[in-house]
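These notes concern the structure reproduced below.
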Amino acid sequence: MEPISDISYKLFTLVKDRDKLINSTQLHNPIVLNTFKEVGEAWLKNSINETHKLMIHSVVDYIHEQLHIGHWSSVPLLTKKAFYASSFLKAVVLLQLDNSAETLREALKCLDLGILLGAPIESDNELLTDAAKCINEKLRVIDVNEIVTERNQKRKRDLNCPKFDVLNGVEVVSRSLPTLELFMKEFYNCQVPVKIQDSINHWPAIHKWPDVTYILGIAGNRTVPIEIGSQYSDENWSQKLMPLSEFVKTYYLGDCDTIGYLAQHNLLDQIPELKNDICIPEYCVTSRDGCDEEATLEINAWFGPKGTISSLHFDPKDNLLAQVYGTKLVILFSPQDTQYLYTHSDQMLCNTSQVNPIKPDLEQFPEFTKAKMMKCLLEAGEMLYIPPKWWHYVVALEKSFSVNFWWT
Amino acid sequence: MKVWYSGFNLYNQFHISREHIVNDFSVFKYGTIQNLVFSHTYIAAQNANTITFYGRVSSNLSIQEVRNISQIAAVDNITYILYNDGTIKKVDTASGEITDVPNFLQTENPGTSDYITKIACGSKMNVAVSYNNDVYNIPNKIEYNGKRVKDVASGHEHCLILDNYGNVYSFGNGLRGQLGHGALENLMNPTLIDALAGVKINKIAAGGWHSCAVSDSGDLYTWGWNRNGQLAVPTRDPSVFATPQLINFQNDDYNVNNVACGSNHTVILVGSQVYGAGWNKYKQLGSISNENIYEFKLLKNFCFDEILSVTCGPWCTAVITK
């Protein structure tokens, strides 16, 4: 291990504008803000001591509480930025005082929380991802073999899922590498789903990611959000933050009774190295007539064992679901069938149906038979276009990694 | 009056201790005090018409009033002062600026007079109750149909009301189950918690995102966010309980006398013993080493002192004895 000053000096040099980092941060509570600045100044003067450690802990914990007051979308941007800046400061303070592997892990977790819950500051918008990469490289000696040799999935998980061929419903049409023009004319403009083949086979991810040791090497030490429970509409569903290696060990390779799913997480922005393994499909640069809004693209990772389920629901955006490895079964309904799909009354689940389309309870939901079901078996290297507001239910038939693109 | 303190002390708010974290219920004798409130960065003590601040506040901030003070409340760097005549002042303890809270009373019958008798403050909402039993989410009057308000408690973004008949009402943000109605919905107006109907409640307390109630027969109910064990329920999953949970401990043979909540911790008084559960990173639960405590643990036995009350700041606990 390198001497103490080394890693904290490396992080020090990563900051583009140290003065802005310390002095542009704002917070509604001036006393806590002063505590942040006091620690920042001590860091710049290289005079960090144990008191500063307690101070920055309390600042991060205080802002962490503020981030949980009110709905996430109503939390002021300045509070999220303050969390970003103070997470960095906490990591460097910890590393200035100690550089044991345990502290490196604590600092990395702190940076990941800053990435997950904070908002980048303008003067240094890649600071936390760069700093996390830097610490991760020192930690990379994670014992991948220890995790991977524990392949003890003895029990086969019964999916209770009928074979694709005997499932009701019309199969979604497939096109091999359609031109952008064809995609727009036949599918995007008239909002019809389509399975696109042969368009992502060149992604490095297609051959790199199936090897879980590759993912663990890059991301094993990183903290990620994991959904626990079979589907988000269930009562006992919850979300936990844990190192990716723990997720892989317990839920992905292990034979845990409960399903764990790294779902709808912006993993590729958290760990930009993984972003190099994919390419953004040209199909998701299209935009609709009369839509003046600036185009936005959101990329999410979906990584999990066999049996992960996304309940029947719809999203407001255009969606391309790209299957990197594993097979997923997708059931679709057009927005016109909404009246037959028994939407949840709870305001938080108002885009979610109560029906399980694989095994519908027709006594409880008799109208469901009137809905026109579509089905798609999505295999490695294929992409499914799901138009806005189309209902979809997704189940992983085996271990799976998907990336989806939402755009407007 | 003695105050036994444990918890966060970075700003020397518990001024007799030089430690940044007080972990042993250190004691200080305050003299006579009517109101003692705890914020993140200071403690405010009110005696008659004087308020003294301890901790990090604007230099020379001290308040000496002509009018009689009825209550004080603190959240972050703001302290609210409620006077006997029902008017409210707002003190920015960081800048020292003191302003009047504009009158927000809405009396339905002209000519009848009304005034504020009680306030409760949270990060997102400040609640006031009037002599005529109207309830305000300051400055708006809200619809309250319960009996006379006995007590009101605010969390970060929710509020509990206890009426004279022992009914509990809740409103505000319910995303973490803190309203106790089963759903995670937000409610504008105080709504009776059905799950506690039929149980006469004597005491209520609101934490950051959790709620507690003690019944006439000494049973404790908790609900809301259990991230750090603050609900003292026997399981760690799920992290949210959206209906009141009856807490069993010590083989059920106990009588809870009082309850208080910090941001993420809960303390109860059982006879002369103080128990606590929840977040303990800043030793808000005393000398126990764990960062989170998932079931009630004995914090201290006060068999030689008469306990007047237990109270919490966001990250601290204080026991007040004679």
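The values are calculated or read from the model by the stated rules, or taken from the named source; none is laboratory data. Note that the structure is predicted; figures quoted are calculated from it, not measured. Glycine gets a Cβ as well: all are built from the backbone with ideal geometry, and neighbour counts include every protein chain shown. The protein model used for the area step is the full one, side chains on, heavy atoms only, and it has no ligands, DNA or RNA in it. Shrake-Rupley method; radii C 1.70, N 1.55, O 1.52, S 1.80 Å.
Defining a contact as two alpha carbons under 8 Å apart and six or more residues distant in sequence, what relative contact order in percent does chain B show?
13
Based on DSSP H runs of at least 4 residues, each adding -39500 (n - 2.57), what is the mean residue ellipticity at 222 nm of chain A after dividing by all its residues, to the nearest 500 deg cm²/dmol? Walk me through the intermediate numbers first.
Working: 14 runs with 135 residues, N = 408.
Calculated from helices alone, the mean residue ellipticity at 222 nm is -9500 deg cm²/dmol.
Among B:Gly313, B:Phe104, A:Tyr325, flag the residue with its Cα farthest along the positive direction of the charge dipole of the protein assembly as shown, charges on Cβ as +1 for Lys/Arg and -1 for Asp/Glu.
B:Gly313
Taking both sides together, what accessible area is buried at the B/A interface, probe 1.4 Å, expressed in Å² and rounded to the nearest 100?
Details: alone 14270 and 19450 Å², together 31290 Å².
For B against A, buried area totals roughly 2400 Å².
Looking only at the range A:40-80, which residues have a backbone nitrogen under 18 Å from a spot 7 Å from the Cα of A:Asp130 in the C-beta direction?
A:44
Report which residues of the range B:134-166 become buried by 10 Å² or more of accessible surface when going from the isolated chain to the complete set of protein chains (1.4 Å probe; DNA, RNA and ligands ignored).
Listed in order, they are B:His156, B:Glu157.
Assuming 1.002 mPa s and 20 °C, estimate D for the range B:1-80 with Stokes-Einstein, Rh taken as the Kirkwood radius over Cα pairs, in µm²/s.
For the chosen part, D equals 165 µm²/s.
Label-point separation (nm) for B:Asn301 and B:Asp194, each offset 7 Å from Cα along Cα-to-Cβ?
Roughly 4.4 nm, to one decimal.
In a GNM of chain B with a 10 Å cut-off on Cα contacts, which of B:Ser211, B:Ser309, B:Ser289 has the highest mean-square fluctuation?
B:Ser289
Give, rounded to the nearest 20 debye, the magnitude of the charge dipole that the protein assembly as shown has about its Cα centre when Lys and Arg contribute +1 at Cβ and Asp and Glu contribute -1 at Cβ.
Dipole of the protein assembly as shown, to the nearest 20 debye: 1020 debye.
Which of these, A:Asn160, A:Asn49, A:Asn136, has the largest mean-square fluctuation under a Gaussian network model of chain A (Cα springs below 10 Å)?
Result: A:Asn160 has the largest fluctuation of those listed.
Just to confirm, what accessible area per residue do you get for the range B:9-151 at 1.4 Å probe, in whole Å²?
Value for the range B:9-151: 48 Å² per residue.
Can you tell me the dipole magnitude for the range A:283-408 around its Cα centre, using point charges on the Cβ only (Lys, Arg +1; Asp, Glu -1), in Debye to the nearest 20?
460
Please figure out what share of the DSSP beta bridges in the protein assembly as shown is antiparallel and state it in percent, rounded to the nearest 5.
Among the beta bridges of the protein assembly as shown, antiparallel pairing accounts for roughly 95 percent.
Compute the signed sum of charges (Lys and Arg +1, Asp and Glu -1) over the other residues within less than 14 Å, Cβ to Cβ, of B:Asp92.
On the way: positive: B:Arg56, B:Lys89, B:Lys90; negative: B:Asp76, B:Glu97, B:Asp100.
Here the count lands on 0.
So what's the net charge close to B:Met1: Lys and Arg +1, Asp and Glu -1, counting the other residues with Cβ under 15 Å from its Cβ?
So the environment of B:Met1 carries a net charge of +1.
Give me, ordered by chain and number, the residues 5 or more places off B:Asn167 or on other chains with an amide H under 5 Å from its own placed amide H.
Correct list: B:Ile201.
Starting from the amide H of B:Thr117, placed 1.01 Å from N in the peptide plane, find each other amide H under 5 Å away whose residue is 5 or more places distant or on another chain.
Correct list: B:Val129, B:Ser130, B:Tyr131.
Hey, how many Å between the Cα centroid of the range B:1-42 and the Cα centroid of the range B:156-192?
The distance from the Cα centre of the range B:1-42 to that of the range B:156-192 comes to 31 Å.
Remind me, relative contact order of the range A:235-362 in percent, using alpha carbon pairs under 8 angstrom and six or more residues apart?
Relative contact order comes out at 23 percent.
Quick one: 3J(HN,Hα) in Hz for the range A:206-211, Karplus 6.51/-1.76/1.60 with θ = phi - 60°, rounded, Gly and Pro as x.
Along the range A:206-211, the couplings run 4, 9, 7, 6, x, 7 Hz.
Determine, from the Cβ-Cβ distance of B:Phe104 and A:Gln364 and an R0 of 30 Å, the FRET efficiency 1/(1 + (r/R0)^6), rounded to the nearest 0.05. Each step should come with its number before you reach the end.
Values: r = 48 Å, r/R0 = 1.62.
Result of the calculation: an efficiency of 0.05.
Roughly how many Å is it from the Cα centre of the range A:244-318 to that of the range B:221-292, as a whole number?
Rounded to whole Å, the Cα centres lie 37 Å apart.
Tally Lys and Arg at +1 and Asp and Glu at -1 over the other residues with C-beta under 15 Å from the C-beta of B:Gly174: what net charge comes out?
Combined, the nearby Lys, Arg, Asp and Glu give -2.
At a 1.4 Å probe, which residues in the range B:82-131 are at least 30 Å² less accessible with all protein chains present than in their chain isolated?
B:Ala94, B:Lys124
Quick check for me: using +1 on Lys/Arg Cβ and -1 on Asp/Glu Cβ, what's the dipole size of chain B about its Cα centre, in debye to the nearest 20?
That gives a dipole near 580 debye.
Counting only other chains, and only Cβ atoms inside 10 Å, what mean value do you get across the residues of A:67-73?
Mean number of neighbouring Cβ atoms from other chains: 4.
Under a 5 Å amide H to amide H cut-off, with H placed in plane at 1.01 Å, what residues pair with A:Ile226 once short-range neighbours are removed?
It is A:Lys240, A:Leu241, A:Met242, by chain and number.
DSSP beta bridges in chain A, what fraction antiparallel, as a percent rounded to 5?
Bridges in chain A that DSSP calls antiparallel: roughly 90 percent.
Compute the long axis of helix A:77-97 from its Cα atoms, compare it with the longest principal axis of the Cα atoms of chain A, and write down the angle in degrees, 0 to 90, nearest 10.
50
In nanometres, what is the gap between the two model label sites at A:Glu273 and A:Trp237, each 7 Å from Cα along Cα-to-Cβ?
In this crude spin-label approximation the distance works out to 3.2 nm.
Using a 10 angstrom cutoff on alpha carbons, build the Gaussian network for chain B and name the most mobile of B:Ala213, B:Ala153, B:Ala183.
With Cα springs under 10 Å in chain B, the top fluctuation among B:Ala213, B:Ala153, B:Ala183 is at B:Ala183.
On the accessible surface of chain A, probed at 1.4 Å, how many percent belong to carbon and sulfur atoms?
The C+S portion of the solvent-accessible surface of chain A is 49 percent.
Note every residue of the range B:7-26 with a reduction of at least 10 square angstrom in accessible area, all protein chains present versus the isolated chain, computed with a 1.4 Å probe, or write none.
B:Phe8, B:Leu10, B:Tyr11, B:His20, B:Ile21
Using +1 at the Cβ of each Lys and Arg and -1 at the Cβ of each Asp and Glu in the range A:239-313, identify which of A:Leu312, A:Cys279, A:Ile259 lies farthest towards the dipole's positive end.
The residue sitting most towards the positive pole is A:Ile259.
For the range B:60-77, what does the Karplus curve 6.51 cos²θ - 1.76 cosθ + 1.60, with θ = phi - 60°, yield as ³J(HN,Hα) per residue in whole Hz, taken in order and with x for Gly and Pro?
6, 6, 8, 10, 10, 10, 7, 6, 7, 8, 9, 7, 10, 9, 9, 8, 6, 8
Given the options B:Tyr30, B:Asn84, B:Leu160, identify the residue whose Cα lies farthest towards the positive end of the charge dipole of chain B (+1 on Cβ of Lys, Arg; -1 on Cβ of Asp, Glu).
B:Tyr30
Quick one: what are the phi-derived ³J(HN,Hα) couplings along the range A:262-274, Karplus 6.51/-1.76/1.60 with θ = phi - 60°, whole Hz, x for glycine and proline?
The phi angles translate into 7, 10, 6, 10, 6, 5, 6, 7, 5, 10, x, 4, 6 Hz.
Past 19 Å, Cα to Cα, is the threshold; run A:Lys208/A:Lys275; A:Lys81/B:Lys90; A:Lys275/A:Lys389; A:Lys317/A:Lys370; A:Lys53/B:Lys281; B:Lys118/B:Lys147 against it and keep the listed order. Show your work: numbers first, answer last.
Values: A:Lys208/A:Lys275 12 Å; A:Lys81/B:Lys90 28 Å; A:Lys275/A:Lys389 27 Å; A:Lys317/A:Lys370 25 Å; A:Lys53/B:Lys281 14 Å; B:Lys118/B:Lys147 15 Å.
Correct reply: A:Lys81/B:Lys90; A:Lys275/A:Lys389; A:Lys317/A:Lys370.
How many percent of the accessible area of the range B:1-122 is carbon or sulfur, using a 1.4 Å probe?
44
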